[in-house]
Amino acid sequence: MLRSAHALAELHARRGQVVDAHLVFEIDCRRGELVEDINDWIAQEIPQHRNGASLHTESLGAVVDRMARSWVEANQAIDVDGARSDSTHKYWYHLAELVDGYTDLVTDVAGGRRRLPEQ
């Protein structure tokens, strides 16, 4: 899963530099494949509890994809505005919130309190 998350971050970084619509489409298709790979992995590794577990609105792969995009944006903010700017702080704070949400989601899924949407 870590390789897929890293690849998603690289794709988001490339996507921000590409202007050709066809290349953007190819990048987004590859992102979709990686999201599905993460979803397949989690389905194999952690059994889903369907009875009484509340449904999360998006897949784990989609959450990881959003974290990867946020990580790229936070690093770009450092490059553009500097490490101490309010704008940079905003991006890193958003990333920290996503990481906290991811941690809570994984804990709840593993504990049978939440379930992920079926693919």
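No lab work stands behind these numbers, since they all come straight from the coordinates. In this text the structure is predicted, and so the values were computed from the model without any measurement. With ideal geometry, Cβ positions are generated from the backbone for all residues, glycine too; neighbour counts draw on all protein chains shown.
What to note about this one:
- Looking only at the range 95-116, and only at residues there that are assigned to a loop (DSSP other than H, G, I, E, B) and out of contact with any helix residue (DSSP H, G or I) (no Cβ under 9 Å at 6 or more places or on another chain), the one that is surrounded by the fewest Cβ atoms within 10 Å (Cβ to Cβ): Gly111
- Within the range 55-90, tally of residues that are touching a His at 6+ places or on another chain (Cβ under 8 Å) and β-branched (Val, Ile, Thr): 1
Listed here are the residues, each with its yes/no results for (1) in contact (Cβ under 8 Å) with a residue 12 or more places away in the chain; (2) within 18 Å of Trp41 (Cα to Cα); (3) more than 19 Å from the chain's Cα centre (by Cα).
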{"position": "Ala53", "(1), (2), (3)": "yes, no, yes"}
{"position": "Val63", "(1), (2), (3)": "yes, yes, no"}
{"position": "Ser70", "(1), (2), (3)": "yes, no, no"}
{"position": "Asp81", "(1), (2), (3)": "no, no, yes"}
{"position": "Arg84", "(1), (2), (3)": "no, no, yes"}
{"position": "Leu95", "(1), (2), (3)": "yes, no, no"}
{"position": "Leu105", "(1), (2), (3)": "yes, yes, no"}
